[in-house]
Every structure is written in C-alpha cells, then in structure tokens.
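Input: a single structure, listed below in structure tokens.
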Amino acid sequence: LKEGLVFKGGTALRKVYFPDYRFSEDLDFTMIKPLTELGEVQIHESLGDVCKSVYTQSGVELTLVDFKQTRDELGEEAFVGKIQYVGSRGHRAGNPPRIKLDITFYEEVILPPNKLPLLHSYSDASECKAVIAAYRLEEMVAEKLRSILQRQRSRDIYDLWYLLKIHNRELDKELIRKVFQKKCEYKGLSFAGVDDFFKPELLASHKFAWEPSMKRQVTDLPDFADVEDDLRHLLNDLF
C-alpha cells in the first residue's frame, strides 16, 4: 500500500515539512497506482492490518470503523475511511475521536515525490521512525491553486498563504506555474488570471467560514482581510 500512496495536505505539511504547522483531522493521499493494480478490498484489508500493527507495537487501539468509495469513475476513483482511536490510557466518556482518511486516484502527481522522514517530536521518537513519500512543496502550492478554482475550503486558502508568504524564497516559481497549468489541463479548467482566485462570491464564502473552520487548527489565526491582501500581492508576483 505504501508504494502507491503520496502524502499531501495540511497534515503532510506538519508531519514531514514543518513540525509547528497547523493541526488537521484529515490524512490526505493521492494514489499513484491504478485501482486495477490495488483493488478496493486490498486497500480495506491493508488499512485493517495497519491498525492491528499499531496496536501491537504501541498499545494505541485503532479501528477502521468506516471505509467507502465516494467516486467510481474509471481511473478517477476516491475512497474515504474513518479510523477511531483509543490511547494507551483507555477511553474517556463520549465517543472516541476519529481521523478521516482520504485516498484519491483522480489527481495527477506531476513531480517525483520527496521521500522524507516522519517528524515526530514525542518521547517515543526513536521507536517511531518512517520515511514517507510526499508531495513536493511546489506541487502542493500548484494543487492548492487549482483547488481554489473549484471549491470553497478555508484550509486551502490558509495553506496557500502560509507557503507563499512564509516559505516564498524556498519555492521554484516557474515550476509552480508549469505544474499548475498541467493540473488545470488535467481537470479541464480554464484560468484567465489572478482575478479568478478572487471572485466576489468565493471571497464572501471564505470570509464567512474563516474563523469557524480554522480557529481550532491555528493558534494565532490571521485576519482574513490580511490574508486576502497578502495573497493578492503574492499571486500577482507569481503570475
């Protein structure tokens, strides 16, 4: 299973790039092997095996409580799983917390993934070592840009702002533009210019959802107006 999964999204940024990055409840992966090579049943069984292995090695009880296909177009499949966990100290009152797992086959990974060590700053770090295939930062930026053209998720705005503002000098801008163009072509999207990212109806939606959706994930959440202003300048420089 690990040979086909490429880690991406906010959790990937925190666990393989920036240890102090925002929290996220989702684990997002793109599968680079076709479903014909790795069937739905095998994915389901492999995730169950991982849960058992984690419990054996750490005492943390993981249970795959839900796994379903959410998209069935040939070559563009997607799956969502929910993993319930109980720590070594047992379960407190209420429902155990869950992690959402997204696996998509309908993204094209343009750049060779980076193979990076897991960032794990806890007392068992010496026993919790792994190397994970993850999107390059340029690919993450390009996919966030493409995502913003299609959907309204505040975390895409935040991640894009963070990468372009805080890590601007580390990024290959020409590479971002090329990958973004290919991702738009793959999805059949047109892009006329930077104004496409700032359509009034999209801005209104992001502004409304900004604090409710992000304040639990980011300790010092910047004001949306400041983020919007920064992104206008950063994206005009990029394009």
>> I need a count of the residues in the stretch 221-239 that are in a helix (DSSP H, G or I), surrounded by 15 or more Cβ atoms within 10 Å (Cβ to Cβ) and of a type outside the set (D, E, K, R).
In response: 6
> Mind checking which residues of the stretch 55-98 are at pLDDT 85 or above and aliphatic (A, V, I, L, M)?
Replying inline: LEU62, LEU64, VAL65, ALA78, VAL80, ILE83
>> Can you tell me which residue is modelled with the lowest pLDDT among those in the stretch 19-41 that are crowded, with 16+ Cβ neighbours inside 10 Å and farther than 21 Å from GLU77 by Cβ?
In response: SER24
>> Filter the stretch 68-84 down to the residues that are assigned to a strand (DSSP E or B) and in contact (Cβ under 8 Å) with a residue 24 or more places away in the chain and list them by number.
In response: GLN69, ARG71, ALA78, PHE79, GLY81, ILE83
> Given (1) aliphatic (A, V, I, L, M); (2) farther than 23 Å from VAL80 by Cα; (3) not assigned by TED's automatic domain parsing to the domain that holds SER58, where does ALA130 come up short, assuming only one miss?
Replying inline: (3)
>> I'm checking my understanding of the structure. Among residues of the stretch 117-165 that are among the β-branched types (Val, Ile, Thr) and in contact with a strand residue (DSSP E or B) (Cβ under 7 Å, 6 or more places away or on another chain), which one is surrounded by the most Cβ atoms within 10 Å (Cβ to Cβ)?
In response: ILE132
>> Against the condition surrounded by fewer than 16 Cβ atoms within 10 Å (Cβ to Cβ), without any contact (Cβ under 8 Å) to a residue 60 or more places away in the chain, in a helix (DSSP H, G or I) and under 22 Å from the mean Cα position of the chain (by Cα), how does SER205 come out, does it pass?
In response: yes
> In the stretch 99-126, which residues are aromatic (Phe, Trp, Tyr) and at pLDDT below 85?
Replying inline: TYR122
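The values are calculated or read from the model by the stated rules, or taken from the named source; none is laboratory data. Quantities reported herein were computed from a predicted structural model and do not represent experimental measurements. Cβ atoms come from the backbone with ideal geometry, glycine included; neighbour counts cover every protein chain shown.
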